[in-house]
Number of protein chains: 4
Amino acid sequence: YVKVLGSYPAKVTRVTPQPGTVRPPADSIESVVTAPTVAKSTGRLVDRATRAGDTVVRVGDVLVGEGFVVMAGPCSVESPEQIFAAARAVRDAGAHVLRGGVFKPRTSPYAFQGLGWEGLELLAAAGKEAGLPIVTEVMAVEQVARMAETADILQVGARNMQNFDLLRALGRVDRPVLLKRGLSSTIDEWLAAAEYILSAGNQQVILCERGIRTFESATRNTLDLSAVPVLRERTHLPIIVDPSHGTGNRRYVDPMSRAARAVGSHGLLIEVHPEPDTALSDADQSIDFRQFAALMGGLADG
Amino acid sequence: YVKVLGSYPAKVTRVTPQPGTVRPPADSIESVVTAPTVAKSTGRLVDRATRAGDTVVRVGDVLVGEGFVVMAGPCSVESPEQIFAAARAVRDAGAHVLRGGVFKPRTSPYAFQGLGWEGLELLAAAGKEAGLPIVTEVMAVEQVARMAETADILQVGARNMQNFDLLRALGRVDRPVLLKRGLSSTIDEWLAAAEYILSAGNQQVILCERGIRTFESATRNTLDLSAVPVLRERTHLPIIVDPSHGTGNRRYVDPMSRAARAVGSHGLLIEVHPEPDTALSDADQSIDFRQFAALMGGLADG
Amino acid sequence: YVKVLGSYPAKVTRVTPQPGTVRPPADSIESVVTAPTVAKSTGRLVDRATRAGDTVVRVGDVLVGEGFVVMAGPCSVESPEQIFAAARAVRDAGAHVLRGGVFKPRTSPYAFQGLGWEGLELLAAAGKEAGLPIVTEVMAVEQVARMAETADILQVGARNMQNFDLLRALGRVDRPVLLKRGLSSTIDEWLAAAEYILSAGNQQVILCERGIRTFESATRNTLDLSAVPVLRERTHLPIIVDPSHGTGNRRYVDPMSRAARAVGSHGLLIEVHPEPDTALSDADQSIDFRQFAALMGGLADG
Amino acid sequence: YVKVLGSYPAKVTRVTPQPGTVRPPADSIESVVTAPTVAKSTGRLVDRATRAGDTVVRVGDVLVGEGFVVMAGPCSVESPEQIFAAARAVRDAGAHVLRGGVFKPRTSPYAFQGLGWEGLELLAAAGKEAGLPIVTEVMAVEQVARMAETADILQVGARNMQNFDLLRALGRVDRPVLLKRGLSSTIDEWLAAAEYILSAGNQQVILCERGIRTFESATRNTLDLSAVPVLRERTHLPIIVDPSHGTGNRRYVDPMSRAARAVGSHGLLIEVHPEPDTALSDADQSIDFRQFAALMGGLADG
């Protein structure tokens, strides 16, 4: 009973899912854009009350919102060797989606900014070889169209959660969007950000809890697992958890992954690197292949 | 019914409990009190590195730090009917310790402040009938000695985590102490607070994560489950989780309890009330008997 | 030793670089863009140590970084009557720059989103009539070029502080940028965001403290005035304060404005509306003309 | 209108009970103690609405709540030389009250805990020689009575703001209480804590903002100056500001002191030490005699 697949046109979407639709017909965009007015009077599109059943986002053969989906791979795509090795390793350990950043939002302009489009080609090739769909971050409106041609899921990073122009642009493409929670965003603000995407037409949104900013410094962020039951109550959208950014420490990724599954989330987003200590970004929080395999084994046993 | 084990020397604790010891011999206190100087030079007493193996706190037949221990009962003891009913219900559902507040730290001086010593007698009687040891909060130095005669575990509330005189006083009795994390205390400050107790002689400390204060208002506090793996790495003391205060919402107690176990904690502290909506304190976050039984069943299956 | 980094006269700005500027104009952008490599080895461009004296940003006849500059006007441009009345009123009371939003970042997609380019024309006309330069928020890369033709200062809102593509785009135009602090950004992250602009060529950045997100709910945000002395120590860039967003309450705008001046900031950004209670956005925190005149009088007396 | 509010019992009052007190002395204790019930139905005793005019707390010749009062001295009393030198220096620079800690709440049990009662004698002697009343922190219920005989103002530290037994005990003595805000206490919780003191009889409470805990680490805490106008609106009690703890950095004490006065507070609490770098506690945030004299001069000019 998969309920949601494609998203266009909006009025049709929720009644009659269009199996097999990969791209929306260009002329249906306008009618979708007018949807918000209706939605506003009857509750938001993201609200659980406005939709019967849970939204399930289909990515190739993967259903996000049913079962437990693991997306894994390096923080940044760094080289062909690195990403192909990672793709095979996470696939062999049981991951369902390959992650890898190619445009990196970095606090400092002098830090490694990612391989860009060239990195995306590498990621796509590695995913294809391993038989895994891919997810990568989109940072700017002008990247959306081109990235939507190659990536299976478009990720919005925490810093861009309220980049409303980007959200609107993502609402006009027919690709699933993985929307990370902002560093200090309330759950209500997060859902309002998702509403920007849904109200522009695209119903395929996956929420991702990745930790919030608090006074505690023992972890990079404070992973707010209570957001999962709160969201499951308030919205029909699927929710996954990123324990890598949530803790910022590879030693805590395994126990927090177990907790994320136990609390009722729909999956994980995990940073895995062939040699974490040499990673160009997020070295501290990346786990290696062996650790990832152990983590997946633990989840299977749990 | 001997509930309290001595704590010195540490190596002996888990191997050969000293039956019958209710108070440490006076002359041993002094040697303990001088311990800090030594401890300081070689690391704190709370640090994992200073002790081989995990600390297990024995409370009657219950071992906190081995297996998974559930402490449950009402926020406040309100009447004989209420506490006896609660004691039986939580016992029947599988709880190991009965909780109940008799001195209540309340934000407003005009709020219900608890039944005091009379409430403690009720709690003790209910625990005895149900065959459960009891835990209750101690709010002031002058309550310590009298409360230690009746309660099996003395709880320090979040607001008193850095009430150093209270901590020192608790360090001089031979009763296990359940030390809750302060609302905005870092993990390091929390361990330093525990060190006040250990350095004064009492080694029987149980840490309890109960949520920290953040900007998010969807939950009363933000339950920081990542504190569990951080603490398991840094200290040998057992760690339990309070999902009732951590979320402030009865609907989130069950999923967060599952997560707390999955993440590796040693147990739970849960508010259970015969009729939560009529509770004199913490009504929103208390679950009823049926919900508690379901929660325990879920943990057994999980 | 005042290093006024020019951008004026506005009409000439992008065509004819001003004589005397220390930073290279149009045709030397490339050399500027390569600067980061050098800068990185010797400290960032934003760092106080890398530049002798304070940066003073010239906006028409207004010098931001010398004396005390007040920017005032409505949160949103709503109508010709409203913005022309506001322009005259804030000018008469002594304001130096007219503010007004035309593209509004709103949490909900269904909230008033601003009048857009039409609003910008109104704002520009009102500023021209009153003889005041204007500041307005730019939300997207594709708005930058067009907005730079009309607005005297381009504002980056708190939610976009780490929208790095937007920052880079602003680094390539010859217009002063007012960079607001992110809701939960550290001072270091804020300076790193400014570095994105400076490292791309544009040296004319004004920092604006507007409150951070904390647990306190008596005010909308917590205005962090200590950021002013911290920044004055760490950077040569000018710093102004926004007590309207900082408190979210019109009754606190006056005392916090006095405090902002006393602490050593270079100016204020204040929301002023003809009839605050009818404002389409930020009604609670806007002050009326009479209150603004009183505030300016108090600053003059202080 | 007379604002000085005495309390009870009059016998421990230092010199002579204040003439003109509007609150009942000795023999009306009962009526005061029963006041809360009445107060509750009509608003709290701390609320502005329940009292005409501002509360002014008299400390010797010093009136806190009128004009601008500066309390200064070392974090800890360390030696006769240190405290006598500090007393003279702060007196000569214009301070009105001498501060000095003798019982120190320290995160670690191994840190310097203060000189205790011996330190209090030194502080009292130094204050007497300099002609300044003294303020020092009381940490425990059992210290209250003895400390009230010697100290002119009893300070409650941030960690004890919700030590309700201590608050109640302070409500029963006739000494002004300086109540610091808790590290993560909302303004409402702070006023509720003050209500514990007022409702127990003692009306002489001075509130002290000392910074709240946030994610920002450039300062030790975030001094929330907006708390001053919020409090002036909500309560009749006087409010002072502690820029030393609020910033944790001596270089920011001067500008934040100016801001604290500009925002409308009733005074300052500042750490001054003969040789800050050698201080046994809070070395980073203490200023020396010369810096304090400059600060006082700046306030006089401002």
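Worth pointing out:
- Residue that is in contact with a Ser or Thr (Cβ under 9 Å, 6 or more places away or on another chain), crowded, with 24+ Cβ neighbours inside 10 Å and in contact (Cβ under 8 Å) with a residue 40 or more places away in the chain, where the choices are D:236, D:273, D:266: D:273
- Inside segment C:193-230, residues that are among the basic types (Lys, Arg) and farther than 20 Å from residue C:65 by Cβ make up a count of 2.
Listed here are the residues, each with its yes/no results for (1) without any contact (Cβ under 8 Å) to a residue 40 or more places away in the chain; (2) under 14 Å from residue A:177 (Cα atoms); (3) open to solvent by 20 Å² or more (accessible area, probe 1.4 Å).
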| site | (1), (2), (3) |
| --- | --- |
| A:126 | no, no, no |
| A:135 | no, yes, no |
| A:138 | yes, yes, no |
| A:146 | yes, no, yes |
| A:151 | yes, yes, no |
| A:156 | yes, yes, no |
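- Among the candidates A:182, A:171, residue that is crowded, with 24+ Cβ neighbours inside 10 Å and under 15 Å from residue C:162 (Cβ atoms): A:182
- Residue in segment A:291-301 that is away from chain B (no Cβ under 13 Å), surrounded by 23 or more Cβ atoms within 10 Å (Cβ to Cβ) and within 16 Å of residue A:69 (Cβ to Cβ) present: yes
- All told, residue A:131 falls short of being farther than 18 Å from residue A:168 by Cα, within 13 Å of chain C (Cβ to nearest Cβ) and open to solvent by 20 Å² or more (accessible area, probe 1.4 Å).
- Scanning segment C:248-302 for residues that are under 22 Å from residue C:218 (Cα atoms) and acidic (Asp, Glu) yields C:254, C:271, C:277, C:282, C:284, C:288.
- Test: residue C:280 is assigned to a loop (DSSP other than H, G, I, E, B), more than 30 Å from residue D:295 (Cα to Cα) and either more than 8 Å from chain D (Cβ to nearest Cβ) or free of Cβ contacts under 8 Å to residues at least 40 places away in the same chain (or both): yes
- Residue, nearest to the other protein chains (Cβ to nearest Cβ), within segment B:95-116, restricted to residues that are open to solvent by 30 Å² or more (accessible area, probe 1.4 Å) and within 17 Å of residue B:73 (Cβ to Cβ): B:103
- Segment C:153-196, subset in contact with a helix residue (DSSP H, G or I) (Cβ under 9 Å, 6 or more places away or on another chain) and of a type in the set (Asp, Glu), residue farthest from residue A:213 (Cα to Cα): C:174
- Some residue of segment D:119-127 being within 14 Å of chain B (Cβ to nearest Cβ) and either aromatic (Phe, Trp, Tyr) or under 28 Å from residue B:198 (Cβ atoms) (or both): no
- Of the set (1) buried (at least 24 other Cβ atoms within 10 Å of the Cβ); (2) part of a helix (DSSP H, G or I), all apply to residue C:88 but (1).
- Put simply, of B:218, B:193 the only residue that is of a type outside the set (Val, Ile, Thr) and surrounded by 24 or more Cβ atoms within 10 Å (Cβ to Cβ) is B:193.
- Any hit, segment A:68-82, residues being under 16 Å from the mean Cα position of the chain (by Cα) and at positive phi: yes
- Taking (1) free of Cβ contacts under 8 Å to residues at least 40 places away in the same chain; (2) in a loop (DSSP other than H, G, I, E, B); (3) open to solvent by 30 Å² or more (accessible area, probe 1.4 Å) in turn, residue A:78 satisfies each apart from (1).
- Counting only residues that are hydroxyl-bearing (Ser, Thr, Tyr) and farther than 16 Å from residue C:245 by Cβ, segment C:63-121 holds 3 of them.
- Matching residues in segment A:245-263 - criterion: being open to solvent by less than 10 Å² (accessible area, probe 1.4 Å), in contact with a Lys or Arg (Cβ under 8 Å, 6 or more places away or on another chain) and closer than 21 Å to residue A:177 by Cβ: A:246
- All of D:16, D:34 fail the test of being open to solvent by 20 Å² or more (accessible area, probe 1.4 Å), at pLDDT below 95, on the phi < 0 side of the Ramachandran plot and outside any loop (DSSP other than H, G, I, E, B), apart from D:34.
- Verdict on residue A:280 being open to solvent by 20 Å² or more (accessible area, probe 1.4 Å) and of a type outside the set (D, E, K, R): yes
The values are calculated or read from the model by the stated rules, or taken from the named source; none is laboratory data. All of these numbers come straight from a predicted model, not from anything done at the bench. Please note: Cβ atoms are built from the backbone with ideal geometry, for glycine as well, and neighbour counts cover all protein chains shown. Accessible surface areas use protein heavy atoms only, side chains included; no ligands, DNA or RNA. Shrake-Rupley method; radii C 1.70, N 1.55, O 1.52, S 1.80 Å.
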